[in-house]
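Chemist: Got a structure for you, questions after.
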Amino acid sequence: MSFDQMMIHYSAPTLCGIKPGNLFFIKSSDFSESQLLLWKKKFESCGFSLACAKSAKDTLFILVYNPLWLRKLLGDIFVSSYLLGKGYKKPFDSASVIAELTRRIKSRRTFPHEVGIILGYPLLDVIEFEAKNGRDCKYCGYWKSYSDVEKAKKCMCSYKKCSCMCKEWFDQGYSITQIISEYNKAVKAA
């Protein structure tokens, strides 16, 4: 997959409004800073934000997120209590939480599992994953589910379908706004 194809494939569920954020890692050799800047402008013009930083010697992480959705998540009392327990400082705003999360990913001491909140994973699953060190889940897909397996399966299926559809449209030359529009039409028609 080219860098551009990776950007649309891995960001699609966020762009299409079914997920608050997407995180993916790419090798430095597959990375293009000039293309990333173009994507950042495209995403911002559609209301999305992008964070990127080196996470290991030859790996970078890219986080695409919906800042409005993230703000809503951060306003949840259970989420804010969880983040306080993880050492995040109030007030919780999208920029400061993303900056702290980026710092934690770059430090590489331990992976900050709280990123699961930004990725739309149920808080209970994020907490259980940490408590059980990733073991004994009820279902494993995009994340390890410890709670509502049927809901998780349905959600993960929609993410996969969305990513595949959007990549196809992108390969056909559609712009981001056209892809979002086509996805919304497909959902309404289903």
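Chemist: For the stretch 73-172, how big is the tail of P(r) above 16 Å, as a whole percent of Cα pairs?
Modeler: Numbers: 3092 of 4950 pairs.
Every Cα pair in the stretch 73-172 considered, those over 16 Å come to 62 percent.
Chemist: Right, next: Using the per-residue mean of other Cβ atoms lying within 10 Å as a proxy for protection, in what order, highest first, do the peptides 124-134, 103-113, 3-13 fall? Kindly include the intermediate steps, with their values, before the conclusion.
Modeler: Values: 124-134: 15.2, 103-113: 13.0, 3-13: 20.8.
The packing order, highest mean first, is 3-13, 124-134, 103-113.
Chemist: In nm, give the distance between the simple-model label positions of ASP30 and ALA99, each being 7 Å from the Cα along the Cα-to-Cβ direction.
Modeler: Label at ASP30, label at ALA99, 3.1 nm between them.
Chemist: I've got another one for you. Given N residues in the stretch 117-166, what is Rg(Cα) / (2.2 N^0.38 Å)? Could the numbers behind the result be given before it?
Modeler: Numbers: Rg = 11.2 Å, N = 50, 2.2 N^0.38 = 9.7 Å.
Relative to the 2.2 N^0.38 Å estimate, the stretch 117-166 comes out at 1.15.
Chemist: Given a Förster distance of 25 angstrom, what is the FRET efficiency for LYS160 paired with ASN184, based on the Cβ-Cβ distance and rounded to 0.05?
Modeler: My answer for the efficiency is 0.90.
Chemist: Which of the lysines could a cross-linker span from LYS151 if the Cα-Cα distance has to be under 26 Å and same-chain partners fewer than 8 positions apart are dropped?
Modeler: Reachable lysines: LYS19, LYS72, LYS132, LYS138, LYS160, LYS161, LYS167, LYS185, LYS188.
Chemist: Probe 1.4 Å, all protein chains in place: accessible area of TRP69 in Å², nearest 10?
Modeler: 80
Chemist: For the residue pair GLU150 and ARG135, what label-to-label distance in nm results when each label sits 7 Å from Cα along the Cα-to-beta-carbon direction?
Modeler: Between GLU150 and ARG135, the simple spin-label model gives 3.0 nm.
Chemist: What does the net charge come to around TYR139 if you take all other residues with beta carbon closer than 15 Å to its beta carbon, with K and R at +1 and D and E at -1? Each step should come with its number before you reach the end.
Modeler: Values: positive: LYS132, ARG135, LYS138, LYS144, LYS151, LYS153, LYS154, LYS160; negative: ASP125, GLU128, ASP136, ASP148, GLU150.
Its environment carries a net charge of +3.
Chemist: For the chain, what does -39500 (n - 2.57) per DSSP helix run (n ≥ 4), summed and divided by total residues, give at 222 nm, in deg cm²/dmol to the nearest 500? Don't jump to the answer; show the numbers that get you there.
Modeler: Details: 9 runs with 107 residues, N = 190.
The per-residue figure over the chain is -17500 deg cm²/dmol.
The values are calculated or read from the model by the stated rules, or taken from the named source; none is laboratory data. A quick note: this is a predicted structure, and the numbers were derived from the prediction, not measured. Note: ideal-geometry Cβ built from the backbone for every residue, glycine included; neighbour counts use all protein chains shown. Just so you know, the surface numbers come from the protein's heavy atoms only, side chains and all, with ligands and any DNA or RNA stripped out. Shrake-Rupley method; radii C 1.70, N 1.55, O 1.52, S 1.80 Å.
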